[in-house]
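The values are calculated or read from the model by the stated rules, or taken from the named source; none is laboratory data. Fair warning: this is a prediction, and the values are worked out from it, not measured in the lab. Because the Cβ atoms are built from the backbone with ideal geometry, glycine has one as well, and the counts that use them run over all protein chains shown. The protein model used for the area step is the full one, side chains on, heavy atoms only, and it has no ligands, DNA or RNA in it. Shrake-Rupley method; radii C 1.70, N 1.55, O 1.52, S 1.80 Å.
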Amino acid sequence: VQNNALDFSSSFSMQVLREDELERFVVHFDTLFQAKLPNPVNLSTGVGCPETHWRQTVFSLAVPLKVRKGEMVEGLLHAKRRKDNEREYDVKLSYWLSSNQGKKFVQDFSIRAS
């Protein structure tokens, strides 16, 4: 992996299943190790996968978002490694409801090494 590939952006969308308040996003990742391995290994921090020393990340929202069944929540996550510790990330999370006609919410987070 090249260092510049470790900074990334990822879009997402999900359908709301019930009327409620969206209070947090839970994020996981999957990584495929295949270079020079006879049998590739997939590492996942997803729910239901074997536990690893990595874990899921929870982004709690400063203000809960009221959602209705059937609405689409869409967003973009930007993650950039910190210069003072490359094992840590600064994350900008932008999200919106497709029914909200352009009203976007943006929140910054830091992921710290433990």
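Go through the range 18-32 residue by residue and turn each phi into a ³J(HN,Hα) via Karplus (6.51, -1.76, 1.60, θ = phi - 60°); whole Hz please, and just put x for glycine and proline. Result, ordered by residue: 7, 5, 5, 10, 7, 10, 7, 10, 10, 10, 9, 9, 10, 10, 9 Hz.
Using a 1.4 Å probe over the heavy atoms of the protein chains, calculate the carbon and sulfur portion of the accessible area of the chain as a whole percent.
Carbon with sulfur: 51 percent of the solvent-accessible area.
Principal semi-axes of the equivalent ellipsoid, √(5λ) from the alpha carbon gyration tensor of the range 47-94, are 26, 18, 10 Å from largest down. Taking every protein chain into account, the accessible area of the chain amounts to 76 square angstrom per residue (probe 1.4 Å).
Using only alpha carbons, the chain has a radius of gyration to Kirkwood radius ratio (Rg to Rh) of 1.01.
With loop membership from DSSP and a limit of 14 other Cβ atoms within 10 Å, the longest segment of the chain without trypsin sites (Lys or Arg not before Pro) is 37-54.
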